[in-house]
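The values are calculated or read from the model by the stated rules, or taken from the named source; none is laboratory data. Note that this is a predicted model, so its numbers are computed, not measured. Cβ coordinates were reconstructed from backbone atoms using ideal geometry, including for glycine residues, and neighbour counts include every protein chain displayed. Areas reflect the complete protein model, heavy atoms only, side chains present, ligands, DNA and RNA absent. Shrake-Rupley method; radii C 1.70, N 1.55, O 1.52, S 1.80 Å.
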Amino acid sequence: PTVLCVAGARPNFIKIKPVLDALERRGADARLVHTGQHYDESMNDVFFRDLGLRAPDHHLGAGSGSHAEQTARVMTAFEKLVDEVRPDAVVVVGDVNSTLACALVGAKAEAVVAHVEAGLRSRDWGMPEEVNRMVADRVSDLLFAPSPDAVENLRAEGYHEDQIVLAGNVMIDTLYANLDRALGSGMLHRHGLTPGGYGVVTLHRPSNVDDPAHLARLLDALGQVELPLIWPVHPRTAAKLESVGLPANLTAVAPAGYLDFVALQASARLVLTDSGGVQEETTALGVPCLTLRENTERPITVSEGTNLVIGTDPRRIVTAAGLVLADPPAKRTPVLWDGHAGARIADALMAHLGSEVRHRPT
Ligand code: UD1
Ligand code: UDP
C-alpha cells in the first residue's frame, strides 16, 4: 500500500520517524510529506540530520501565516498531491495545523486516515491545538492513542472500539533510540553546564509568549528560581523577546537540535516548560518538570510521571520550583512507552489496509 506520512513542524519530525521506518520495514510504499510549516535550519534541517530522517519525498512549501492561511495552503497543496498519488492511507501525527489540514484532505479523498497521538484533550478551546486534535480525530479512521486516558476520552466521545488502538508513545520510541547518542552530544560542555547543576526552560505557547507583559512576568519568576537556567528560544518567542529583559540566571540560546536538547533534559535538575513533548520526555527520563500552563492534555505525565502543572502565577512558580528542587517527584513510566509504538502502529495500519474491502475510484 501507498501511505503518505505527514510532518510539518518540529515535534512532527520526531514523531513520524518511527512510524515511517516501521511501515517501510513491513513493505509499505511509505512516503514522507513535509508541509513546510517549520523551515528554519534550527527548527527543521537539524532534525533530519539528528534523526537520520530521509529527505522528504514531497515538500508542500506552506510556510508561516495566520491559522487560516497556513491551514489553507497546506490543504491546497496536499489535495493536489493526494489526487496525483491516490494513497491508500494518510498518517498524521500530533496536533499542529499541518495535522488538521492533511487529515481533512485525506478524509475527503477517501484515504484511510490514521491519527497518531489521538485522544489527548486539554479541554481548553483557547488552545489552537485542542481544535486541531478534536477535528483531526473526528475525520480519522484509525485513532492511535498514546495512553489509557486518551483511549477513555475517545470512548467518552463515542468513537467505535475498533477504531481505537492503544499504541503507546512514538515520541518515546525516538527518545530511546537516540538517548545514547544524545548523551555524547557535547551540549553541556559547550555551555559550561554540569550534570544536575542547571535547569532547562522552553516556552512557545501563544498564551504564554504572545503578550509581552505576561512573558515579562514569567521571566521575572524564572529569575527567582535558585538555579542557572538555559533556555533554547523558539522563534515565535524570540520575536517577542526584544522588548523584554532577561534575569541574570537565565541564558537564552538558539533553538537546540534534537540530540542537544535531549542531552540538556537528561542531565537537568529541573525543566520548566509549556511544551507538550517535553512533558512526556521528562517523564520518560525521570527528570522533574514544571508545566507553566493551567491545564495539560497529557495528564499521565502528572499521574505517573514527574510533571506538575502549576499555572503561570509567578509566586506559584517560585514556590513550586523550590519544593521540587528539595524533594523531586518519583516516576513510573506509563504503559507502552517502551520504544515500540511505531511498530504497533504499522502492524495495525497494515492489517487494516489488508483486511479492508475498499472500492476506490481510479
Ligand atoms: C507550532 C504549532 C504548535 C507546536 C509548535 C512546535 C500550530 C497551530 N502550532 O507552533 O502546536 O507546539 O509548532 O514547535 O500548528 N517561525 C520561524 N521559523 C520557523 C517556523 C516558525 O521563524 O521555522 C516563526 C514565524 O514567525 C511563525 C511563528 O514562528 O509565524 C509561528 O510558527 P507556527 O508554525 O505558525 O506556530 P508555532 O508557534 O511554531
Ligand atoms: N526540542 C528540541 N529543541 C528545542 C526544544 C524542543 O529538539 O530547543 C524537542 C523536544 O525534545 C521534543 C520536541 O522538540 O522532542 C517538542 O516540540 P515543541 O516543544 O516544539 O512542541 P510541542 O511538543 O509543544 O508541540
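Taking the Cα centre of region 220-362 as origin, sum charge times position over the Cβ atoms of Lys and Arg (+1) and Asp and Glu (-1), and report the length of that vector in debye to the nearest 20.
220 debye
So for the chain, taking the charge dipole from beta-carbon charges (+1 Lys/Arg, -1 Asp/Glu), which of L20, G197, G36 sits furthest toward the positive end?
G197
What number, in percent, do you get for the relative contact order of region 221-271 if the mean sequence gap of Cα pairs under 8 Å and at least 6 apart is divided by its residue count?
42 percent
Round to a whole angstrom and tell me the spacing of the C-alpha centers of region 1-31 and region 207-241.
34 Å
Please give the net charge around N44, taking every other residue with its beta carbon less than 12 angstrom from that of N44, where Lys and Arg add +1 and Asp and Glu add -1.
That works out to -2.
Around V253, under 15 Å between beta carbons, what's the net of Lys plus Arg minus Asp minus Glu among the other residues?
Within the 15 Å Cβ shell, the charges total -2.
Relative contact order of region 246-295: what whole-number percent is it, with Cα pairs under 8 angstrom and at least 6 residues apart?
Numbers: 36 pairs, mean separation 15.9, N = 50.
Once divided by the residue count of region 246-295, the mean separation gives 32 percent.
About the Cα centre of region 1-140, what is the dipole size in debye to 20, counting +1 per Lys and Arg Cβ and -1 per Asp and Glu Cβ, all else neutral? Numbers along the way, then the final one.
Numbers: 16 positive and 20 negative charges, 47 e Å.
The dipole magnitude comes to about 220 debye.
To the nearest 10 square angstrom, how much accessible area does D173 have with a 1.4 angstrom probe?
For D173, the solvent-accessible surface is approximately 10 Å².
Can you list the HN-Hα couplings for region 77-89, worked out from phi with the Karplus curve (6.51, -1.76, 1.60; θ = phi - 60°), rounded to whole Hz and with x for Gly and Pro?
After applying 6.51 cos²θ - 1.76 cosθ + 1.60, I find 6, 5, 4, 4, 5, 5, 4, 6, 8, 6, x, 6, 8 Hz.
What number comes out for the charge environment of K240, summing +1 per Lys or Arg and -1 per Asp or Glu over other residues with Cβ under 10 Å away?
Residues close to K240 contribute a combined charge of -2.
Just to verify a number: what accessible area does K240 come out at with the full protein assembly present, 1.4 Å probe, Å² rounded to tens?
Roll a 1.4 Å probe over it and K240 shows about 70 Å².
What is region 41-154 by shape, rounded, prolate or oblate, if you read a ≥ b ≥ c off the alpha carbon gyration tensor as root eigenvalues and call it rounded for a/c under 1.5, prolate for a/b larger than b/c, and oblate otherwise?
Numbers: a/c = 1.41, a/b = 1.25, b/c = 1.13.
The shape class here is rounded.
For region 124-266, what value does the Rg/Rh ratio take when both radii are computed over Cα atoms and Rh is the Kirkwood radius, given to two decimals?
Dividing the radius of gyration by the Kirkwood radius yields 1.06.
For the chain, what does the helix formula give at 222 nm: sum of -39500 (n - 2.57) over DSSP H segments with n ≥ 4, over the residue count, nearest 500 deg cm²/dmol?
Calculated from helices alone, the mean residue ellipticity at 222 nm is -13500 deg cm²/dmol.
With an 8 Å cut-off on Cα pairs and a minimum separation of 6 or more residues, tell me the relative contact order of region 1-69 in percent.
Values: 99 pairs, mean separation 24.4, N = 69.
Result for region 1-69 is 35 percent.
In the full protein assembly as shown, how much of H160 is accessible to a 1.4 Å probe, in Å² to the nearest 10?
120 Å²
Using a 7 Å offset from Cα along Cα-Cβ at S355, what residues in region 1-23 end up with backbone N under 20 Å from the label point?
Inside the label zone: 1-3, 23.
For S140, S267, S355, give me the order by solvent-accessible area with a 1.4 Å probe, most accessible first, ignoring ligands, DNA and RNA.
Numbers: S140 5, S267 30, S355 85 Å².
Per-residue accessible area, sorted high to low, gives S355, S267, S140.
If the only charges are +1 at each Lys and Arg Cβ and -1 at each Asp and Glu Cβ, what is the size of the charge dipole of region 110-261 around the Cα centre, to the nearest 20 debye?
So the dipole magnitude of region 110-261 works out to roughly 580 debye.
Could you order R10, R205, R217 by accessible surface area, starting with the largest, using a probe radius of 1.4 Å?
Working: R10 55, R205 25, R217 120 Å².
From most accessible down to least: R217, R10, R205.
For region 216-362, state what percent of all Cα-Cα pairs lands in each successive 5 Å bin, counting from 0 Å until the bin that includes the largest distance.
2, 8, 16, 18, 18, 12, 7, 5, 5, 4, 3, 2, 1
If you average the C-alpha positions of region 133-202 and of region 79-105 separately, how far apart do those two centres end up, in angstrom?
20 Å
Is region 24-72 best put as rounded, prolate or oblate by its Cα gyration tensor, with a ≥ b ≥ c the root eigenvalues, rounded for a/c under 1.5, and otherwise prolate when a/b is larger than b/c, oblate when not?
oblate
Apply the a/c threshold of 1.5 to the C-alpha gyration tensor of the chain and tell me whether it is rounded, prolate or oblate.
It comes out prolate by the Cα gyration axes.
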